[in-house]
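To start, the structure under review is shown below, and the notes come after it.
The values are calculated or read from the model by the stated rules, or taken from the named source; none is laboratory data. Since the structure is predicted, the reported quantities are computational estimates derived from the model, not experimental observations. We place every Cβ from the backbone using ideal geometry, glycine too, and count neighbours over all the protein chains shown.
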Amino acid sequence: MTELLPPDSAGIARAVALLLEGELVALPTETVYGLGADATNAEAVARIYAVKERPRFNPLICHYPDAEAAFAHVEASALALQLAKAFWPGPLTLVLPRKPDCPLPLLVSAGLETLAVRVPQTALTLALLRALSRPLAAPSANRSGAVSPTEPAHVLAELGGRIAAVLNGPACPIGVESTVIDLTEMPPRLLRPGGLPRKAIEAFTGPLAGPLPHEARAPQALRSPGQLASHYAPRAKLRLEAREVAANEALLAFGPPLAGAAVTFSLSSRGDLVEAAARLFSGLRWLDQEVARLDLAGIAAMPIPEEGLGEAINDRLRRAAAPRPLGRRMEVALHA
Ligand code: AMP
Ligand code: MG
């Protein structure tokens with residue numbers, strides 16, 4: 001049963017308790033209803049992908065109660081500070097480099113070195129964020145491919161029975177997603193047009209790079225998750241569907257690990273796909289370092305069932321194993 005929580009302090013307290021237990025709670029923002037999880041909890045974040053039935057890991061936006069809290073986790077340029085001052089709380093999402101000590105799991109940003117941050121406007125959700133005192137990872141509260149919900153009833157129709165609770169807040173006054181801009185390059189790039197008009201941002205930034213909506217397809221496709229130059233892919237050779245492992249290989253295990261590897265990282269010894277998704281990016285990074293340190297032949301990945309989150313995990317592993325024309329650029333971006 002999905003609880004419908006009242007839009008008051010009791011509802012907020014219940015939502016906070018559920019979120020701290022790793023449950024998912026849908027909540028209002030001025031743009032659309034978000035499917036919120038404690039962004040510091042990798043398994044809760046993995047559950048977002050499971051509930052949305054996303055076939056791959058997309059980076060999620062992290063929501064903060066104020067700019068100070070957001071900029072504790074990302075490197076803010078002078079321009080970022082200006083934009084935050086002008087437009088937060090509001091429908092503007094800023095993509096910035098993660099700080100080296102950023103405590104959020106890599107799964108939140110689908111393995112990227114950057115993080116998308118925003119301060120929403122809805123008073124109820126700001127009060128919740130202050131009470132939670134952790135960021136909320138929150139994509140739109142609908143199944144993958146469906147329309148974004150702007151009222152609690154929409155969320156219940158889409159996700160009722162699949163999430164712990166919906167905060168019964170107001171309808172979303174803006175009704176379209178936030179505008180996303182990438183501040184890691186100059187000029188900044190418009191990644192997604194949304195609730196804040198491009199012109200308002202350009203008053204601060206000058207002309208933004210990146211396409212207008214109707215010509216967005218090709219350039220945006222290039223920057224989509226998994227194809228970004230800065231997107232994490234291991235340097236080590238990755239061998240999929242491994243049913244045995246050599247003594248000079250590192251093992252990415254799922255279920256009871258194969259014996260005989262030089263080193264092993266267990267995604268989930270009990271074969272739990274949510275746990276495996278939560279540990280995927282940190283596991284790949286660690287094994288990659290171990291392969292370099294011990295001069296191993298590569299990483300062998302045990303088979304993962306193509307069901308539930310297994311689809312997204314396998315998508316990422318397949319792309320990490322495929323020959324990459326951008327490989328050199330990725331290495332520069334990652335290891336420079
Ligand atoms: P949604 O999950 O529906 O709110 O959509 C989030 C949007 O933000 C998507 O278009 C993502 O691709 C984009 N996004 C989130 N984080 C990043 C990031 N670190 N780099 C680039 N785009 C991002
Ligand atoms: Mg969405």
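A few comments on the model shown:
- Residue-level analysis places Val25 outside the set of residues that are farther than 15 Å from Val117 by Cα, within 16 Å of ligand 2 (Cβ to nearest atom) and within 18 Å of the chain's Cα centre (by Cα).
- Residue within region 108-121 that is farther than 30 Å from Asp288 by Cα, within 12 Å of ligand 1 (Cβ to nearest atom) and under 21 Å from the mean Cα position of the chain (by Cα) present: yes
- Pairs, first touching a residue at least 12 places away in the same chain (Cβ under 8 Å) and assigned to a loop (DSSP other than H, G, I, E, B) in region 133-149, second away from ligand 1 (no atom under 11 Å from the Cβ) and among the polar types (S, T, N, Q), C-beta under 6 Å, six or more apart: Arg134/Thr40
- Residue match in region 77-91 (condition: closer than 22 Å to Val176 by Cα, within 10 Å of ligand 1 (Cβ to nearest atom) and either among the aliphatic types (A, V, I, L, M) or buried (at least 18 other Cβ atoms within 10 Å of the Cβ) (or both)): no
- Within region 52-63, the residues that satisfy the criterion of being surrounded by fewer than 24 Cβ atoms within 10 Å (Cβ to Cβ) and more than 13 Å from ligand 2 (Cβ to nearest atom) are Pro55, Arg56.
- Thr31 within 15 Å of ligand 2 (Cβ to nearest atom), in contact (Cβ under 8 Å) with a residue 40 or more places away in the chain and assigned to a loop (DSSP other than H, G, I, E, B): yes
- Any hit, region 157-180, residues being among the hydroxyl-bearing types (Ser, Thr, Tyr) and out of contact with any Leu (no Cβ under 9 Å at 6 or more places or on another chain): no
- Qualifying positions in region 130-156 - more than 16 Å from ligand 1 (Cβ to nearest atom) and modelled with pLDDT of 95 or more: Arg130, Ala131, Leu132, Arg134, Glu151, Pro152, Ala153, Leu156
- Wholly within region 158-274, strands (runs of 3 or more DSSP E) carrying at least 1 residues that are modelled with pLDDT under 95: 189-192
- Flag if Gly195 is over 12 Å from Thr29 (Cβ atoms) and not basic (Lys, Arg): no
- Only residues that are away from ligand 1 (no atom under 13 Å from the Cβ) and crowded, with 17+ Cβ neighbours inside 10 Å were counted across region 175-214, and they come to 5.
- Residue, nearest to Arg54 (Cα to Cα), within region 2-37, restricted to residues that are surrounded by fewer than 24 Cβ atoms within 10 Å (Cβ to Cβ) and of a type in the set (Val, Ile, Thr): Thr2
- Sole residue being small (Gly, Ala, Ser) and in contact with a Gly (Cβ under 6 Å, 6 or more places away or on another chain), chosen from Ala44, Ala86, Ala76: Ala44
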